[in-house]
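Comments concern the structure below.
The values are calculated or read from the model by the stated rules, or taken from the named source; none is laboratory data. A quick note: this is a predicted structure, and the numbers were derived from the prediction, not measured. Note that we place each Cβ from the backbone using ideal geometry, even for glycine, and neighbour counts take in every protein chain shown.
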There are 2 protein chains.
Amino acid sequence: MEMIKNAINRYVPALVNGKATIPYKGIGKHIPTGRKAAPPIATCAHYPSDGNKLVSSIREALEKCELRSGMVISTHHHFRDGDLVANIVFKEAEKMGVKDLVWFPSASFPCHAPIIELLENGVIHHIEGSLNGPLGDFASRGKMKGTAVLRSHGGRYRAIQDDDIHIDITIIAAPTSDPFGNSNGVEGPSACGLLGFALADSQYADRVIVVTANLVPFPCIPWQIQGNYVDYVVQIDRIGIPEKIVSGTTQITKSPDRLLIAEMTTQFMVESGIVHEGFSIQAGAGGVSLAVIGQLKEYMKEKNIHSRFMRGGSTQYLVNLLEEGYTDYILDGQTFDLDGVRSMRENPRHVWTSPFTSYNYHGKGNFAGMIDATILGATEIDLNYNANVVTHSDGRLLHGIGGWQNCLFGKCVILTVPSFRDRIPIILDEVTTVCGPGDLIDVIVTERGIAINPRREDLLDSLKNTHLPIRTIEDLKAEVEDICGGVPDKPELSDNIIAVVEWVDGTLIDSIKAIND
Amino acid sequence: MEMIKNAINRYVPALVNGKATIPYKGIGKHIPTGRKAAPPIATCAHYPSDGNKLVSSIREALEKCELRSGMVISTHHHFRDGDLVANIVFKEAEKMGVKDLVWFPSASFPCHAPIIELLENGVIHHIEGSLNGPLGDFASRGKMKGTAVLRSHGGRYRAIQDDDIHIDITIIAAPTSDPFGNSNGVEGPSACGLLGFALADSQYADRVIVVTANLVPFPCIPWQIQGNYVDYVVQIDRIGIPEKIVSGTTQITKSPDRLLIAEMTTQFMVESGIVHEGFSIQAGAGGVSLAVIGQLKEYMKEKNIHSRFMRGGSTQYLVNLLEEGYTDYILDGQTFDLDGVRSMRENPRHVWTSPFTSYNYHGKGNFAGMIDATILGATEIDLNYNANVVTHSDGRLLHGIGGWQNCLFGKCVILTVPSFRDRIPIILDEVTTVCGPGDLIDVIVTERGIAINPRREDLLDSLKNTHLPIRTIEDLKAEVEDICGGVPDKPELSDNIIAVVEWVDGTLIDSIKAIND
């Protein structure tokens, strides 16, 4: 396989799944010249005039969509680890005798472990998309045909919009739908919040199937997915397991180390002036982030400061800020608990967004750059502030990118990380996989101190006279290596490329090798 | 000019403005084979990372969009006869010295009379779009270079989507916007309701300028136009005259003849079973339609029937039905009075729609076919139930098509018309211009009785034993001719084609000749 060195000195394959690639060129350096994907023009003459697109089963819908071997089939992770639909669809495809499908999920979860059997027996050729847990482990052992392409949420929208990937059939699991295909995620017994990850698929796929467990008479309001893009609607008993829709990590951390990280993060934002009247923040649903939100609330109350908007993933903590008037709006891409779902359903100031509005780098701007501070995690960070979120230090691919790359365009990007995990330091000479360039990462907060990217002289200047434990990244690294017993061994990896990591603009920022199993 | 006879026996030009045409083939007979328009791929690298797209003036925005001679420039009629922006834009274009622009409005109004000077001096070559009032009169006298192309609201969306027309620059007048370009019509001192007529333009135009009189900090909620499509935002003092935003015809008719038409229409809908639990209706904002709505309300109250949804153009009468629980939803494309605007702003059950959701014939279905009854007007009707809405019987082009053609796909299409106007009969052997085929028109209600299209045997059967004054269209015609003194003279028209009428699928259903001036 021909490998090319990109602008961040990582080697990426010249061809992925038979298609030529573009190596990463630097932030904003790759200027697209093409035109967007152009779906076939449909006509109402081919659709029922009374708007009733119901068919009796997923099988019938797949047959009407003329499912064939080799097609690209997409599904979405609005139910996260509680999704039931993707497994049903691919089991049905197996029964229909098709082979070599490409599964293009917005993310996969441990609940999708049954897909491994279909990867092994040839029903699915490979997966293009985030590989969390068992599927990532399977791929890491070199067992998947084809190469996984890891994209951020915004990168996935972009890839569809730009026609990098053409979806033959998309299956959208919708908590509520009408027979025309108008659908939403805020109503019904399996309400999960919103359906934004399926937006591009609905707009650009040749065929669009909505699968719902809660059919209502037209019109289904609100329509987060527009029925005018939908071919068929199927009603089944269950599409998701509600108790698994909620992410497991939506409680404030109780770990003293992590609470310390949260406190330093909050202090950093206060001292650096980020927390000013009308500020905005994106924190996510991790335990540290939620602790920061709680601490921020106290500060805002004390200083009578309010925020213009907060970006979700929403949780009860963000909803509480909205309901008590600490922020004008939540702009939300994904609800992480049932308070989030309720708030989005009831409160017009809890606004649903999409990877198009928030994250698509090939739009006329997006929301990511307007956020004063984004708080993110990482599995590894190097001395140039490059960071990894997909692989562990043993080389295994275990996580998706999510919105992480997209959020790096925030005005101040803060990575909150423990300085080591399982006695493996987080700060390394070189990360296993570069997911985001250090040019965009401003601050690292660990329980042992704060490192500020030297590029951010403004921050270093403004914090000079504070009591914040600001240290160089080299200094932090050395201390942690002392504790952990030196520089960790690099993982032994094969030469077999099992996945590539796309940057937000479609260029390849890194590749991932199989582990030596 | 080579003329072709189409499937409804009307002659249409083989070429319009240098482009080959497709003659009308019949309902649902033209099957498109192409792909949708594919706009150039943008990149965030070319837009300000803080999302601030403000420029100081319309002139600056036009310069940055590289306005050049021959470009297609679009604007919209959300302010109806109160629009101030189109005139400003084209005056600025004149100052910039460009020529031969094509103006592609969603509709033009008498307030746009100053455009005539620019048509005469060559700044604008021709107008593609509805020509109401003075501009229609100007075109009818053969004075406009190029040929007007008249499209319905849905047809205009379709034409943009299908790349029949490529918009170089669109200028969207928005009552409220943020610096990123997120915009809506429900907030601000010049609130007009919604911005749906600009949706396709925002999605497909090369360059998108938002002009607002009410700039708010990001995020502007709701975003009816998404800033991710917007290039520049301009703030000016006034974009529309609020008192002219409201249509002049939003009161219940006081004319005894028209009240009689309304009563017969209501009775027809009741007796034919259209008014059943969960029914839907689209009536518009004319005086007869509003009287029907008032009468329907009384009937619904008496019989304890409620409607699933009502389609706007919304007015106080529709809003009243929503607020008193007679209907679950208003699905609204255009607010016709300030009660409509208020309701849309405040009530999540007053839902904004767009020509895409409601009317686009080249989608995977649209809303128009789901409506139990649509009540429309006409200037002329022939014995085959073909109808005209754009020209008067003197041949002058004075009206746009609006959503009229799109609404013909309702389950029961009722034209409410006086039997004559100014002693000119409405029912003719042949209409001046065919805008809609009789195949889709079910019922004509005049003050002298009701004619039912013989095609609708079901309606004729079910109404056999009622007291409704059901007559043949021939019988009605003869009576009116007696009153008016015989068959009216046909207008003397030149051979000069000044406009063509597109059907919803992009084929040409008729052409319009200049009058002999």
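Of the strands (runs of 3 or more DSSP E) lying entirely inside the range B:116-231, those containing at least 1 residues that are over 30 Å from B:Leu493 (Cα atoms) and either aliphatic (A, V, I, L, M) or in contact with a helix residue (DSSP H, G or I) (Cβ under 7 Å, 6 or more places away or on another chain) (or both) span B:169-174, B:207-212. Of the residues making up the range B:396-411, those that are surrounded by fewer than 21 Cβ atoms within 10 Å (Cβ to Cβ) and either in contact with a Phe, Trp or Tyr (Cβ under 9 Å, 6 or more places away or on another chain) or of a type in the set (Ser, Thr, Tyr) (or both) number 0.
Considering only residues that are crowded, with 19+ Cβ neighbours inside 10 Å and in a loop (DSSP other than H, G, I, E, B), which ones fall in the range A:96-110? The answer is A:Val98, A:Ser106, A:Ala107, A:Phe109. Pairing residues of the range B:220-239 that are at the interface with chain A (Cβ under 8 Å from one of its Cβ atoms) with residues that are part of a strand (DSSP E or B), at Cβ distances under 6 Å and at least 6 apart in sequence or on separate chains, gives B:Ile221/A:Val351; B:Pro222/B:Asn184; B:Tyr229/B:Val208; B:Val230/B:Val208; B:Val230/B:Val210; B:Asp231/B:Arg207; B:Asp231/B:Val208. Listed by position, the helices (runs of 4 or more DSSP H) enclosed by the range B:303-395 that each have at least 3 residues that are within 14 Å of chain A (Cβ to nearest Cβ) and surrounded by 19 or more Cβ atoms within 10 Å (Cβ to Cβ) are B:355-359.
Could you tell me how many of the residues in the range B:280-302 are surrounded by fewer than 24 Cβ atoms within 10 Å (Cβ to Cβ) and over 19 Å from B:Gly333 (Cα atoms)? The qualifying residues number 8.
Annotation: of all residues in the range A:17-46 being more than 7 Å from chain B (Cβ to nearest Cβ) and among the hydroxyl-bearing types (Ser, Thr, Tyr), the one that is nearest to the chain's Cα centre (by Cα) is A:Tyr24.
Residue-level check: of (1) of a type in the set (Ser, Thr, Tyr); (2) surrounded by fewer than 21 Cβ atoms within 10 Å (Cβ to Cβ); (3) more than 17 Å from A:Ile236 (Cβ to Cβ), A:Ser56 misses just (3). Pairs linking a residue in the range B:9-36 that is in contact (Cβ under 8 Å) with a residue 24 or more places away in the chain to a residue that is of a type in the set (Lys, Arg), with Cβ atoms under 8 Å and 6 or more positions apart or on different chains, are B:Tyr11/B:Lys5; B:Pro23/B:Lys5; B:Tyr24/B:Arg10.
For the range A:58-95, the tally of residues that are modelled with pLDDT of 95 or more and on the phi > 0 side of the Ramachandran plot stands at 2.
The set of residues from the range A:98-114 being of a type outside the set (Ser, Thr, Tyr) and within 16 Å of A:Thr147 (Cα to Cα) comprises A:Asp100, A:Leu101, A:Val102, A:Trp103, A:Phe104, A:Pro105, A:Ala107.
Residues that are charged (D, E, K, R) and farther than 22 Å from A:Leu398 by Cβ were ranked within the range A:478-515; the one that is surrounded by the fewest Cβ atoms within 10 Å (Cβ to Cβ) is A:Asp482. Looking at the range A:399-498, the helices (runs of 4 or more DSSP H) lying wholly inside it that each contain 2 or more residues that are among the polar types (S, T, N, Q) and either touching a residue at least 24 places away in the same chain (Cβ under 8 Å) or farther than 26 Å from A:Glu128 by Cβ (or both) sit at A:404-407. Scanning the range B:271-290 for residues being at positive phi and touching a helix residue (DSSP H, G or I) at 6+ places or on another chain (Cβ under 8 Å) gives a total of 1. Examine the range B:290-299 for a residue that is in contact (Cβ under 8 Å) with a residue 40 or more places away in the chain and either of a type in the set (D, E, K, R) or assigned to a loop (DSSP other than H, G, I, E, B) (or both), and state whether such a residue exists. No, the range B:290-299 contains no residue that is in contact (Cβ under 8 Å) with a residue 40 or more places away in the chain and either of a type in the set (D, E, K, R) or assigned to a loop (DSSP other than H, G, I, E, B) (or both).
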